[in-house]
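Trainee: Just passing along the structure, written as structure tokens.
The values are calculated or read from the model by the stated rules, or taken from the named source; none is laboratory data. All of these numbers come straight from a predicted model, not from anything done at the bench. Cβ placement follows ideal geometry from the backbone for every residue including glycine, while neighbour counts extend to all protein chains displayed.
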Amino acid sequence: MVREQLPKFVFLGASLLSVGITLAILGFMVVLAYPLFAQGMFWNMLIQPWSPDQGLFGLGPMIAGTMSIACLAVCISFPISCGVACFVGILHPRGKGRTLRQMVEAMTAIPTVIYGFVGIFLLVPLVRALFSKGSGMCILSAGVMLGILISPTMILFFIQSFTLVPKSDLNAADALGANAVQKFFYIVLPCAWKSMITGLILSFGRAMGDTLIALMISGNAVGFPGSILDSARTLTAHIGLIIAADFDSIEFKTLFVCGISLYVMTGIGVILVRFLAGKGRVK
């Protein structure tokens, strides 16, 4: 009896420990950001510009930069990932598809800094030459490289979602003479779209939380971006650049505002994933 209950208590303890650590991290950030709450500065920081010389320590440009780069990365990655996943999971599940999947799996092990170096020496000069504007370190460069970075994860998630399609439905489509494209649009997508959206949300969170690529090739400008060719700074890059500030300074306390903002945005993504998963179980 005890032996049967032991795994249950172990898993329950691990779950509670995970939740406790997550809440403790949030509490740690809230406590250290409390002086900003007490002074009524917290909410203003979310919309104000960043200009310490003028006494402005707003994170509005960083939030705008984070959302711009992450959204662009997802928009670039989604069609590529969907096409590759369709090729691997639907059109050629064996042979070429299996080889391509192994390559995609290998890409997930490449360190982020390698993508950053490729972006600096190949992508940034290309963007600068194509548009003849700025240094090439901009939202477009960071978005493209982040799109490449999150593509392997999105591809593997999409492939896994395709496996959830009932075999009987696919066999029925084959019996009716449907080709691969028709099966994809009329059978696979209606069955797998919820799981695909879950992968999309998780990939967006991955792009939003990346530090090195944004730090290396986004340009780190502290102004509100006006186009994808403008430089921008993300919340994660801001944390990396301001971490050495004086502990008692307002600049340093903005780190915890960044952390809380990222925590909230990531939490919204998790809630959406849970909501979609719950609807999927009900049906």
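Trainee: Quick check, is G143 at pLDDT 85 or above, in contact with a helix residue (DSSP H, G or I) (Cβ under 8 Å, 6 or more places away or on another chain) and on the phi > 0 side of the Ramachandran plot?
Mentor: No; evaluated as a whole, the condition is false for this residue.
Trainee: Taking the criterion of being modelled with pLDDT of 85 or more, within 30 Å of T163 (Cα to Cα) and either over 23 Å from the mean Cα position of the chain (by Cα) or among the aliphatic types (A, V, I, L, M) (or both), would at least one residue in the stretch 61-70 satisfy it?
Mentor: yes
Trainee: For residues that are part of a helix (DSSP H, G or I) and without any contact (Cβ under 8 Å) to a residue 24 or more places away in the chain, scanning just the stretch 179-196, find the one that is nearest to G116 (Cα to Cα).
Mentor: W193
Trainee: Ok, one more. What pairs can you find where one residue is in the stretch 90-110 and touching a residue at least 12 places away in the same chain (Cβ under 8 Å) and of a type outside the set (A, V, I, L, M, F, W, C), the other is surrounded by 16 or more Cβ atoms within 10 Å (Cβ to Cβ) and in a helix (DSSP H, G or I), and their Cβ atoms are less than 6 Å apart, with a gap of 6+ or different chains?
Mentor: Short answer, once both residue conditions are applied: R101/V88; T108/P152.
Trainee: Output yes when any residue across the stretch 87-105 is of a type in the set (F, W, Y), touching a Leu at 6+ places or on another chain (Cβ under 6 Å), surrounded by 12 or more Cβ atoms within 10 Å (Cβ to Cβ) and over 26 Å from C138 (Cβ atoms), and no when none is.
Mentor: no
Trainee: Among the residues of the stretch 1-46, how many are of a type outside the set (F, W, Y), modelled with pLDDT of 85 or more and within 18 Å of L255 (Cβ to Cβ)?
Mentor: Qualifying residue count for the region: 7.
Trainee: So, one more: Among helices (runs of 4 or more DSSP H) lying entirely in the stretch 107-178, which contain 2 or more residues that are surrounded by fewer than 22 Cβ atoms within 10 Å (Cβ to Cβ) and either touching a Gly at 6+ places or on another chain (Cβ under 9 Å) or basic (K, R) (or both)?
Mentor: Counting at least 2 such residues, we get 124-131, 139-162.
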